[in-house]
Amino acid sequence: MTRTDRSRDIRTTRRRTALISGASIAGPALAFWLNRHGFAVTVVEKASTLRRGGYPIDVRGTALEVVRRMGILPRLREAHVDLRRLTFLHEDGSQVASISPHTVTGGVAGQDLEVRRGDLTDALYAAVRDDVEFLFNDSIDSLDQSGHGIDVTFRGGSRRTFDMVVGADGVHSRTRELLFGPEEQFHRYLGYCFAVFTMRNTFGLSHETVMWNAPGKAAALYAVGDSDEVHAFLNFAHPQPPFHAFRDPQAQRDLVAAVFADAGWEVPGILAALREADDVFFDGVSQIRMPRWSSGKVALVGDAAYAPSFLTGQGSSLALVGAYMLAASLADRDHAAGFAAYEHDTREFVTVNQDQVGKGDATLFPTTARALQQRNDMLRNLSAMPPAEPRPAHSALTLPTPTPTPTPTT
């Protein structure tokens with residue numbers, strides 16, 4: 001009997017069990033596909049409910065085929081925010097250039113999607129909530145792989161055993177820390193920090209982004225439609241990651257306020273809104289680069305394994321594609337062979353997209369007056385050109401054909 005035959009024989013007698021940590025994007029997507037391949041899936045999420053807020057995100061290239069196969073593409077098409085204009089401003093508030101967003105992002109008009117993060121998480125959750133167990137307001141406290149399965153102790157005090165565990169819990173993954181050690185050894189800091197939050201749209205903006213720049217600083221207002229709210233974005237160069245601020249909301253506000261204290265344009269009003277906002281998301285601009293994505297019966301997916309940073313615009317797409325590839329790799333293999341196939345078949349796609357950060361995206365946030373002038377000259381030239389060709393990296397992976405859904409017993 002071959003290895004594949006053995007795996008199929010096992011699965012006709014008992015469903016393999018999987019615990020996924022994280023209910024943002026990679027987690028529910030992986031839960032969907034593992035369930036389709038016959039797994040009994042549990043998702044644990046430290047938040048008390050689904051996180052529906054957050055800034056707009058992109059779904060491009062290969063990831064579009066993932067959401068099509070999930071059956072949620074029509075819903076996401078309806079949620080598409082249709083950003084029509086990206087306007088750059090000088091430090092004094094005067095206009096540098098107004099261009100098509102696709103000219104900068106390498107996106108494909110009429111195909112690629114930009115949706116509110118909450119719209120994507122809602123769609124993923126709706127697609128899987130009836131078939132998968134969700135545990136909110138809890139998290140993994142410890143993992144023990146010494147037995148036949150993985151013994152998991154939860155923060156809430158309960159204990160359960162699973163055949164495998166997957167960390168889909170983001171850049172600051174607790175699962176990764178338990179498995180591989182401190183984040184710092186995998187954290188590639190890119191020299192910036194940012195804060196995102198919502199504020200009142202008193203600017204008359206609609207379906208557009210306006211970005212102000214000074215050397216080492218950027219402030220943007222992003223209107224996803226005709227809403228009375230806009231997403232405010234503050235980005236700034238910082239030589240070292242401010243680890244002291246990552247878990248301290250007041251320290252985050254103080255740091256941002258100090259950096260932008262002398263800024264003009266609408267920045268004083270944005271800072272005032274920051275002080276009152278209850279949905280601030282602050283982090284360093286960074287990537288996660290790991291030599292391997294699994295150990296024993298535990299694997300990582302999405303930002304926990306290979307965060308590309310917002311500079312690439314590919315975080316959500318990598319999460320969706322990675323979830324599909326991991327589940328497909330496990331469909332007719334045991335965990336060891338499945339994890340190995342997942343890395344072998346997905347790593348090149350991940351790397352080429354992470355490397356996009358060195359292909360011009362970071363030049364949107366120059367740190368010197370000379371670099372800012374050069375960027376502005378580039379933008380003026382782009383404004384007179386048609387949208388750029390799609391970036392090959394976005395579609396650099398062809399998804400494997402789905403395998404037939406097995407019919408295991410409980």
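The values are calculated or read from the model by the stated rules, or taken from the named source; none is laboratory data. What you see is a predicted model; the values in this text were computed from it and never measured. All Cβ positions, glycine included, derive from the backbone under ideal geometry; neighbour counts span all protein chains shown. Heavy atoms of the whole protein, side chains included, go into the accessibility calculation; ligands, DNA and RNA do not. Shrake-Rupley method; radii C 1.70, N 1.55, O 1.52, S 1.80 Å.
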*asked:* Using the Cα centre of segment 184-294 as the reference point, and only Cβ charges (+1 on K/R, -1 on D/E), how large is the resulting charge dipole? Debye, rounded to the nearest 20.
replied: 580
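Place a +1 charge on the Cβ of each Lys and Arg in the chain and a -1 charge on the Cβ of each Asp and Glu, then give the dipole magnitude about the Cα centre in debye, rounded to the nearest 20.
For the chain, the charge dipole is close to 980 debye.
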*Relative to the first principal axis of the alpha-carbon coordinates of the chain, what is the inclination of helix 26-36, with its axis defined by its Cα atoms, in degrees from 0 to 90 and to the nearest 10?*
30
*Expressed as an acute angle from 0 to 90° and rounded to the nearest 10, what is the orientation of the C-alpha long axis of helix 369-383 relative to the principal long axis of the chain?*
80
_For peptides 161-173, 70-82, 327-339, sequence by mean Cβ density within 10 Å, most packed first_ = 161-173, 327-339, 70-82
*What ranking do 364-371, 193-200, 307-314 get when scored by the average of other Cβ atoms within 10 Å per residue, highest first?*
307-314, 193-200, 364-371
*What percent do you get for the relative contact order of segment 40-162 when only Cα pairs under 8 Å and 6+ apart count?*
36
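Sort Arg375, Arg52, Arg188 by accessible area with a 1.4 Å probe, largest first.
From most accessible down to least: Arg52, Arg188, Arg375.
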*Select from Arg391, Arg60, Arg176 the residue whose mean-square fluctuation is largest in a Gaussian network model of the chain (Cα-Cα springs shorter than 10 Å).*
Arg391
